[in-house]
Every structure is written in C-alpha cells, then in structure tokens.
Amino acid sequence: MDEQSSKDVFYLNRKDFLRYSLSAGVVVWAGTQVPGVIGEAEAANLFRVRRINPGVFPQSVASGDPQKDGIVLWTRLAALNRGNRVAWEISRDTTFRKPVLRGTARTSGSRDNTVKIQLAGRRELKPFTTYYYRFIYNGNASRTGRFKTLPAPNADVSRIRFGYISCQDYTNGYFTALSFLAEENLDYVFHLGDYIYETVPPPGGNSFQGGGPENRQFKFPQDGDDGLEAVSLKDYRFAYKKYRADRNLQRVQERYAFIAVWDDHEFVNDCYGVNPSGVADPPRQEQRRSDANRAWAEYQPVGTVGLASSPDNGRVRYQQSVADPIQEIGIYRSFAFGNLMDLVMTDERLYRDSHPCGEETVDKYFTNGCAEINDPNRTMLGDRQKEYFLDKITNSSRTWKIWGNETMVMQLKVANTFLSGGANEVFSDVAQNQNGDGVYLSLDQWDGYQAERREIAQRVRAAGTENFVTITGDIHTFIAGYVKEDYDNPLNDPSNAVGTAFVCGSVTSSNLVELALGADNGGAGDNSRIPAVGEQGLAELQTALQKTSNPHFEFNDSSKHGYNLMEVTKNELICTMKAVSTIQRPQAELSTLAQFRVPAGRVEIIRTDVPVAVPAT
C-alpha cells in the first residue's frame, strides 16, 4: 500500500455535512468540517502530517469486528509526550485528501497507551467496501491500514474469501507464514486463538516451546518471578507488545480486518474458567484471569459493549468492574456475510467444566478416558452459549454455516495397533485399551465432552441444517475430516456425518513431528517414545498413524506450519491449506499442502489438488 506523503495537511470543506459523536473520549465527524467541540486551529494541528513515523506506533495499526457500517480501529503509542489526544481518519484511498470519517481519541497509561475507535451505524461507511485508515500524533502518521466492511445482511453475495490462523508461539520460530498470508487476496482474516503464549521455554530446558531461534527468546518482566510465565497484567501486556512488534504479524493486521477469539494460552495452558491445569487440584486464579481478560480486550481490535448486549451485534461484551472474571467478559458472537454465510465464533475456555478424568498429564493425554467423558451434564460451551450457538446455526437461512471453533471437534485417537504389543507398535510405553480400539490423544479437546458433542451433531441433523462447516486451530496440525454423531462408526457416509471440518496448522507452535523429534533435534519435547526414523519418516509415520486411527479424517499432516484459506460461493466451499518451508529462518518458501472442495448441499470432501486416476480402457 502507498503511504501518504508529508505534504498532506488538514483542510476544511465547508460543504461537508457535519455529524459527530462523543463517547469515551472519542470524537467522530464526517468529512473534514470541524465540529463545535474542537477548534479549527486545534484540528488543523491534530491532523497535520509532518512525516510517517512508525516508531511512534510500535505495534502499528489493526482493524477488526467489521460491520456493514462499522469497524474497530486500533493502535498504540510508544509514549505520551505532548498530550493524550490522537487523530485518526478513514478514506477510500491512500491519499486521505477526501476523508470519509475523521476524529480524535484520548488514551492514557491506564490503558497502556492503546487507542481503540469503535464505529457502528455510520452511513458514511458502505457495505462490502474497502477503506484505508491511519492515526496521527504530534505530526507523526502511522502506517496506513486497510479494512473491508461486511456485506449488508440481506445482500446477494456471490463470494467471500477469508484466511484463518492460530497458535503463534513467538519463541518457537519466525512468523514466516504471516508474511505470505499478508499477500493473499482475501476479504477478512479469522484468528482462532493462542495469539500469545503465557510461558517461555526455560533456558536449556526440554519443553513444548523448545527449539526456536535465540533472538526470539525473552522473559516476562514481573518482579519477583523467574520471568518464565505471565502472572500479572504487566506480564500479559508485555506479551502482546512483544508479539505485535513482529513485522509479519503487523502486515497481516494492516491489510485485513480480524475477527478473533482466544484459546487457552491467552490465559494459561489447558485452562478452564479461572483455573489452570496440570495438577490434581489446580488453584483458582481470579485476578490473573481478570488481568488476562483485560489485556486481551485492550490489545485486540475487538469492539466492546455492555454485558447486556446481544452477541448478534458482533461485539465483545465487557465490563471490567464485575467481580467475577467469568462474568466480566463474553467473546462469543456472530457475523452475517450477506445471504451467503453465517459465522459463529465460540469460547471453549471460560464456561467449560474441568477435564473429565483429572487434571494430571496422565489423565488428559494418551488416556483410555473414563465414564465422565459421556456425562450429559458436562459442558464445553456452557448452557447459554450452547443455546445461542445452536440457534444461530440451525435457524440460519444463509447457504453456509461456519463454526469458528477453538478445539478439535473430531475424535482423535491412537489405535491399539500402534501401542505396546500392537502389530505396528510405536508407543511401547502406552498400554493398549482393552475396552476399545485405542487411546484418546487429548481430553482437553471435545473428546473430553462427548455427550455435548453428540447433542450438537444430533440437533444440527434434526434441524435439517445443510452446509455446516467447522474451522479449528489448537492442535498444530492440518486436518480435513467429518463431524459425526458416532465416531465409533468407521464409515464416512452421509447417514452419520453432519458436517465437514478443516483444521489449520500452527503459525509457529510445535507440531506433533517437532514434539516427537525433541529439542535436541530441532523440535521440542520428549522424543523417548518415537523410533529413530528421521524427520521425513516421522512425518510419514504420523500421517499414517492418525489416518489409520481416525478413519473420519480425509487428510492430516502435523509436520508443517502455515494457514488455511477458504473461498465460499453459493455452489461450493474451497479450503486450501498453505505451508511454509521453515520457521527457523526469516525467509521461507510457500507451497500448497492440500486443497479440498465441499459441494453445497452435500456432506462430502473432495480433494482437488491431486490427479485422479483414470481407469484403463
């Protein structure tokens, strides 16, 4: 994008129609005419651009939660050196000589110098239209950002293109995937969580975060701590500042409006409610959860409204003064893309029950499970969110119903044949499950909440809902497969599947092959269970193991990093999985890992990037 030259200065057009509003220190008006609450001389000074100076805005700019006539704009100032008022403007082009909207906003150290402009119901913003924006402070302009508004809810829309990402561990590698995502031809980007990580690897330690470049390592600043884990508002803010200083992440957010939710690492690994996990009786951490909520709300370009507001308005409900951190914020919400697509983003951390079989590592990973995984009273979504989600999905009149989901919906097992004594033994220290075929890989996912998962599938089927598609991150693996009522039925036939699911690999976070390799081999974690077959052999073994153990998978690969692209039309949905060659160096190559087509009206995944064999005649 072209950036505005330093010759641009504020000017007045007396014919412009004046409209402005005051809210939380924000002044908004149409065009260039100055409202009565601000003087012409002051306005001229506020909007005068002497130079483009990204250093004044070290986390650059971002936009999010688009509406047909609204958007949320975000930036942060490095310091407040001459006043706390920041100017901003939106234009149809990068010259800003005829701005559509202009305004000012105030910030302070109490919000860590972050600036958020929430626009809604602005007739100057037209549906499904591209706009450019920037911030100005003391003559210094930010980089120019770009966003696209949503189509009108009832508009006849023929195509939507979006990308989605998750799991971007700063310490584990470079955000090379995001450098390519920024150059894709898209309308929007969805972030499915793990935008930051609340821990960093210990020096010389063997953890799931091991193996990253030396210059990507850091510690948290909290006094009196070892700096390896975020435990306070200061720490969580520090993490967002560090991550958002990455130039590749900035480029993506400058070019596309984001729709974002969190997963666990925005608070703590495998969390539920205000609880961390990993020990038998995890301590409740209300203050830490509230600090994590606040930092996320400050640093994400999400609109925030009162707690009583409806999730249908595409805004996060947030009121910091509420004593219970579970009740002070609600991030699940929905977005309509004309008559083509509904998107419902859900929160699978704040309202979920504890893990069903216990909080120790052995209770959650490589486990046979327990009776509680089928307890109908156990919930991942919580009753209120579940009913909202199902109402939006099953009553939607739009062609496609997309579920922005944080954790794996599909069953994920390791079959007995790969366990101790099995014909294809890989995990010699994991006993076979005598009551079923294999062990669950993780009960932190929907496998730990199977009754609610079945209920969702059954209600989607009972409503006759077509074109139900789940998009997910979390597991650092590319997967295409089917959402089913009964995963013990091995057949991927329409009588059992209710929708399709597409999981994106991580941006940088360690995938299963890297975890298996171990930190000493350029990966992370414990490699004692894995045979020494090399990286390529591990990738092939992992793919075969997951596909054999999970016949509802059409494709899986946990040896790459990247992102997924979706092109949605009235006739079909195309999912393209993109992978980068490396995250260990700043430069990489991009390739198409796989591509799939889902025809409208059919629960069917068709791979389109490989040649189809033609029978001999």
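For segment 347-372, filtering for residues that are touching an Asp or Glu at 6+ places or on another chain (Cβ under 7 Å) and within 30 Å of GLU466 (Cβ to Cβ) leaves 2. Considering segment 221-256, the residues that are closer than 20 Å to ARG585 by Cβ and of a type outside the set (D, E, K, R) include one that is farthest from the chain's Cα centre (by Cα), namely ALA245.
Can you tell me which residue within segment 81-100, out of those that are polar (S, T, N, Q) and assigned to a loop (DSSP other than H, G, I, E, B), is least open to solvent (accessible area, probe 1.4 Å)? Walk me through how you get there before you give the answer.
Step one: list which residues in segment 81-100 are polar (S, T, N, Q), which gives 81, 84, 91, 94-95.
Keeping just the survivors that are assigned to a loop (DSSP other than H, G, I, E, B) gives 81, 84, 94-95.
Details: ASN81: 112, ASN84: 56, THR94: 28, THR95: 52 Å².
Of everything passing the filter in segment 81-100, THR94 is least open to solvent (accessible area, probe 1.4 Å).
Evaluation of LYS401 against the conditions (1) under 23 Å from the mean Cα position of the chain (by Cα); (2) crowded, with 20+ Cβ neighbours inside 10 Å; (3) part of a loop (DSSP other than H, G, I, E, B) shows that the sole unmet condition is (3).
Going through segment 114-133 one residue at a time, which ones are under 17 Å from THR75 (Cα atoms), open to solvent by less than 20 Å² (accessible area, probe 1.4 Å) and not aromatic (Phe, Trp, Tyr)?
At the first step, the residues of segment 114-133 found to be under 17 Å from THR75 (Cα atoms) are 114-119, 131-133.
Narrowing the set further to residues that are open to solvent by less than 20 Å² (accessible area, probe 1.4 Å) leaves 114-115, 117, 119, 131, 133.
Result: THR114, VAL115, ILE117, LEU119.
If you check GLN546, GLN542, GLN458, GLN536 for being more than 22 Å from the chain's Cα centre (by Cα) and either hydrophobic (A, V, I, L, M, F, W, C) or at pLDDT 95 or above (or both), only one passes: GLN458. Only a single item in (1) touching a residue at least 40 places away in the same chain (Cβ under 8 Å); (2) buried (at least 21 other Cβ atoms within 10 Å of the Cβ) is not met by ASN416, and it is number (1).
For beta carbons closer than 8 Å, sequence separation of 6+ or different chains, a first residue in segment 107-125 that is in contact (Cβ under 8 Å) with a residue 24 or more places away in the chain and small (Gly, Ala, Ser) and a second that is outside any loop (DSSP other than H, G, I, E, B) and surrounded by fewer than 21 Cβ atoms within 10 Å (Cβ to Cβ), the qualifying pairs are ALA120/GLY70; ALA120/ASN313; GLY121/GLY70.
Among the residues of segment 381-395, those identified as out of contact with any strand residue (DSSP E or B) (no Cβ under 7 Å at 6 or more places or on another chain) and at negative phi are LEU381, ASP383, ARG384, GLN385, LYS386, GLU387, TYR388, LEU390, ASP391, THR394, ASN395. I need every pair where a residue in segment 255-281 that is within 17 Å of PHE190 (Cβ to Cβ) has its Cβ under 9 Å from the Cβ of a residue that is of a type in the set (A, V, I, L, M, F, W, C) and modelled with pLDDT under 95, sequence separation at least 6 or different chains. Sorted first by the residue in segment 255-281, then by its partner, the pairs are ARG255/MET1. Here ALA239 meets each of (1) outside any loop (DSSP other than H, G, I, E, B); (2) farther than 13 Å from TYR170 by Cβ with one exception, condition (2). Taken together, the residues in segment 430-444 that are touching a strand residue (DSSP E or B) at 6+ places or on another chain (Cβ under 9 Å), assigned to a loop (DSSP other than H, G, I, E, B) and not β-branched (Val, Ile, Thr) amount to 8.
Which of the residues spanning segment 461-488 are basic (Lys, Arg) and crowded, with 24+ Cβ neighbours inside 10 Å? Passing the criteria: only LYS484. Only one of the numbered conditions (1) touching a residue at least 40 places away in the same chain (Cβ under 8 Å); (2) out of contact with any Phe, Trp or Tyr (no Cβ under 8 Å at 6 or more places or on another chain) is not met by THR129, and that is (1).
The values are calculated or read from the model by the stated rules, or taken from the named source; none is laboratory data. Please read these numbers as outputs of a predicted model, since none were measured by experiment. Cβ: placed from backbone, ideal geometry, glycine included. Neighbour counts: every protein chain shown. Surface accessibility is based on the protein's heavy atoms, side chains included, excluding ligands, DNA and RNA. Shrake-Rupley method; radii C 1.70, N 1.55, O 1.52, S 1.80 Å.
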